[in-house]
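A.B. asks: For reference, the structure I am asking about is given below.
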Amino acid sequence: MKEGLIALICGMGIVFLVLIIISAIIGLLKRVNKSKQEEVKAVDKIPTEISQEDEEEDEEDDMELVAVITSAIASSLNTTTDQLVVRSFRRVGHTQSKWNMTARSDATRSMY
Amino acid sequence: MDFMSELARVIGGFIEKTGIVWTINNLFADDVWAIRNIIMIAVALLLMYLAIKKKYEPLLLLPISFGMLLVNLPLSGVMAEPHGDNIGGLLYYLFLGDELGIFPPLIFLGVGVMTDFGPLIANPKSFLLGAAAQFGIFIAFFGAIAIGFDPKIAAAIGIIGGADGPTAIYTATQLAKDYLGPIAVAAYSYMALVPIIQPPIMRALTTKKQRQVKMEQLRPVSQVEKVLFPIVVTIAVILIVPSTAPLVGMLMFGNLIKASGVTEKLAETASNSLMYIITIFLGITVGATASADKFLTVDTLSILALGLVAFACGTAAGVLFGKIMYKTSGGKINPLIGAAGVSAVPMAARVVQKVGQEENPSNFLLMHAMGPNVAGVIGSAVAAGIFLMMYGG
């Protein structure tokens, strides 16, 4: 019992100690790329509005789409997503002609 | 006529040597108890079903269950030691890779390549959560000693709470070889059950408001930091706990060959072909340690129970520490991410993401949870190192 308790205290102590030390060192690493971060700040807070033609989107996947679109814009602008606000977005309409669409729906229509 | 009797004798002799006859003859024989083999075969088939149909960690559970099947089929001798002219079983030789501590660190090499320490570098405080969740290891160790296990064995059982298969296997082979089967099976079963075990504990210990906390976006991490990280961690950890060198060393080496960007081929090999080869060997030989005489014991039940305790306590400690950080950060840290401190990468982080999103559909905790998650891998390797320093040969 005593042995278990000693191991419990020492063990947890050492685990914490080791990880706190690494955490402190890694915290210092941040300074390595400070100069780079300043560049990023140049593109701070860009409210972006993307609205393109046509058609309503169903509400359901909106949150997921917002996340995807935000991160896509963020990576193309070389910044992080908390610097951006996606206000609205619309799905781009079909680029095919009506003839194409009719032909495709005919070809794939169920026989039954 | 003579020919016929000779033929009958040969066929009879062959039949005598089949596993079927052996099983029937020894079904309830003292010391042999062939009925146990039948039970173990049933267990192996059940695990196979879980792996194939339910997709519970199939990459490991399938080889493990097949190894279990092979070793429990009567007279297969796959784990037989060599003696005299008998050269010994196939899996006996492959098992040397586990026994000599070769396979688990090689798995860690691949894991290192595949692990992105970015979220951890961006938020080094995650290390604390990775440390807190190791509490389960020591609680289980304490419990195992309390119910009468030898400290060495208790240490190996405790590591189940690290939710890290290779670490558990590595520790078990060094400290409690005879218990490797039950320990590995417990570790991998509970890792597969993380989505079932963790959420109730996480919900019980946090308030709705805490679960809804949205965390700030992590800062981008530079290439230089990613390269320095494995080097710094290797030096710091091994200087303090030298016995973690095989595990942490390989993990960080794997990460370095990936992060450096100059050894793509090595990274590719370590995380694909090499890792899958080792997984096959490791899985099937670990399964083969679960022979009826070693597995069907009261100890196995205790180990399974202690493993569950370890998991639950680790999760609880992580979440509770998360709550402390929630308070000290002024409500900026979602305490749920503490649960990811038990390694089980990336399953535990996904569970956090899911539980967080249930409360607030626009909350994305995944990357925040990956920090404590990968810190947990380092944390459990350190805990294993501490046990090896205390009880290792």
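The values are calculated or read from the model by the stated rules, or taken from the named source; none is laboratory data. All values reported here derive from a predicted model rather than from experimental measurement. Because the Cβ atoms are built from the backbone with ideal geometry, glycine has one as well, and the counts that use them run over all protein chains shown.
A.B. asks: When residues of segment B:141-194 are filtered for being closer than 16 Å to B:Tyr391 by Cα, of a type in the set (Gly, Ala, Ser) and either under 11 Å from the mean Cα position of the chain (by Cα) or buried (at least 24 other Cβ atoms within 10 Å of the Cβ) (or both), how many remain?
C.D. replies: 7
A.B. asks: Looking at segment B:195-218, which of its residues are within 14 Å of chain A (Cβ to nearest Cβ) and either modelled with pLDDT under 90 or surrounded by fewer than 18 Cβ atoms within 10 Å (Cβ to Cβ) (or both)?
C.D. replies: Across segment B:195-218, the qualifying residues are B:Lys214, B:Glu216, B:Gln217, B:Leu218.
A.B. asks: Filter segment B:343-364 down to the residues that are away from every other protein chain (no Cβ under 14 Å) and outside any helix (DSSP H, G or I), then identify the one that is surrounded by the most Cβ atoms within 10 Å (Cβ to Cβ).
C.D. replies: Filtering first and then ranking leaves B:Ala344.
A.B. asks: Right, another one. Do you know which of the residues in segment A:6-31 that are loosely packed, with under 14 Cβ neighbours inside 10 Å and either touching a His at 6+ places or on another chain (Cβ under 9 Å) or among the small types (Gly, Ala, Ser) (or both) is nearest to the other protein chains (Cβ to nearest Cβ)?
C.D. replies: A:Ala24
A.B. asks: Which of the residues belonging to segment B:219-236 are aliphatic (A, V, I, L, M) and either in a helix (DSSP H, G or I) or facing chain A (nearest Cβ under 7 Å) (or both)?
C.D. replies: Within segment B:219-236, B:Val224, B:Val227, B:Leu228, B:Ile231, B:Val232, B:Val233, B:Ile235, B:Ala236 qualify.
A.B. asks: If you don't mind, another one. Tell me, yes or no, whether segment B:256-263 has at least one residue that is surrounded by fewer than 20 Cβ atoms within 10 Å (Cβ to Cβ), more than 28 Å from A:Thr80 (Cβ to Cβ) and within 22 Å of the chain's Cα centre (by Cα).
C.D. replies: Taking every residue of segment B:256-263 in turn, none turns out to be surrounded by fewer than 20 Cβ atoms within 10 Å (Cβ to Cβ), more than 28 Å from A:Thr80 (Cβ to Cβ) and within 22 Å of the chain's Cα centre (by Cα).
A.B. asks: Within segment B:1-68, which helices (runs of 4 or more DSSP H) (wholly inside it) include 2 or more residues that are without any contact (Cβ under 8 Å) to a residue 60 or more places away in the chain and closer than 27 Å to B:Leu94 by Cβ?
C.D. replies: The helices (runs of 4 or more DSSP H) meeting that bar are B:19-26, B:34-52.
A.B. asks: Something else about it: For segment B:365-393, how many residues meet the condition of being of a type in the set (A, V, I, L, M) and more than 12 Å from chain A (Cβ to nearest Cβ)?
C.D. replies: 3
A.B. asks: Could you check segment B:365-393 and list, in sequence order, the residues that are assigned to a loop (DSSP other than H, G, I, E, B) and either more than 30 Å from A:Thr70 (Cβ to Cβ) or touching a His at 6+ places or on another chain (Cβ under 6 Å) (or both)?
C.D. replies: Once the filter is applied, which keeps residues that are assigned to a loop (DSSP other than H, G, I, E, B) and either more than 30 Å from A:Thr70 (Cβ to Cβ) or touching a His at 6+ places or on another chain (Cβ under 6 Å) (or both), segment B:365-393 yields B:Gly392, B:Gly393.
A.B. asks: Give segment B:228-279 a look and list any residue that's farther than 16 Å from B:Ser380 by Cα and of a type in the set (Val, Ile, Thr), or say none.
C.D. replies: The answer is B:Ile231, B:Val232, B:Ile235, B:Ile257, B:Val262, B:Thr263, B:Thr269, B:Ile277, B:Ile278, B:Thr279.
A.B. asks: To continue, here is another question. Any chance segment B:110-121 includes a residue that's crowded, with 22+ Cβ neighbours inside 10 Å, within 7 Å of chain A (Cβ to nearest Cβ) and over 16 Å from the mean Cα position of the chain (by Cα)?
C.D. replies: Scanning segment B:110-121, I find at least one residue that is crowded, with 22+ Cβ neighbours inside 10 Å, within 7 Å of chain A (Cβ to nearest Cβ) and over 16 Å from the mean Cα position of the chain (by Cα), so the answer is yes.
A.B. asks: Please report, ordered by residue number, the helices (runs of 4 or more DSSP H) entirely within segment B:95-200 with at least 3 residues that are without any contact (Cβ under 8 Å) to a residue 40 or more places away in the chain and more than 30 Å from B:Met48 (Cα to Cα).
C.D. replies: Qualifying helices (runs of 4 or more DSSP H): B:135-146.
A.B. asks: Run down B:Ile324, B:Ile277 and say which single residue is over 30 Å from B:Leu27 (Cβ atoms), free of Cβ contacts under 8 Å to residues at least 40 places away in the same chain and away from every other protein chain (no Cβ under 14 Å).
C.D. replies: Among B:Ile324, B:Ile277, only B:Ile277 is over 30 Å from B:Leu27 (Cβ atoms), free of Cβ contacts under 8 Å to residues at least 40 places away in the same chain and away from every other protein chain (no Cβ under 14 Å).
A.B. asks: Taking the conditions exactly as written (over 20 Å from B:Tyr326 (Cβ atoms) and at pLDDT 90 or above), does B:Ala176 satisfy them or not?
C.D. replies: yes
To keep it simple, each residue is scored yes or no on (1) at pLDDT 80 or above; (2) among the hydrophobic types (A, V, I, L, M, F, W, C); (3) in contact with a Leu (Cβ under 7 Å, 6 or more places away or on another chain).
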{"residue": "A:Leu84", "(1), (2), (3)": "no, yes, no"}
{"residue": "A:Arg87", "(1), (2), (3)": "no, no, no"}
{"residue": "A:Gly93", "(1), (2), (3)": "no, no, no"}
{"residue": "A:Gln96", "(1), (2), (3)": "no, no, no"}
{"residue": "A:Trp99", "(1), (2), (3)": "yes, yes, no"}
{"residue": "A:Ala107", "(1), (2), (3)": "no, yes, no"}
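A.B. asks: Just to be sure I understand the filter: pairs with C-beta atoms under 9 Å, separated by 6 or more residues or on different chains, first member in segment A:19-39 and modelled with pLDDT under 60, second member of a type in the set (Ser, Thr, Tyr). Which pairs pass?
C.D. replies: A:Lys36/B:Ser222; A:Gln37/B:Ser222
A.B. asks: Considering only segment B:261-269, I want to know if a residue exists there that is on the phi > 0 side of the Ramachandran plot, away from chain A (no Cβ under 14 Å) and of a type outside the set (S, T, N, Q).
C.D. replies: The answer is yes, given that some residue of segment B:261-269 is on the phi > 0 side of the Ramachandran plot, away from chain A (no Cβ under 14 Å) and of a type outside the set (S, T, N, Q).
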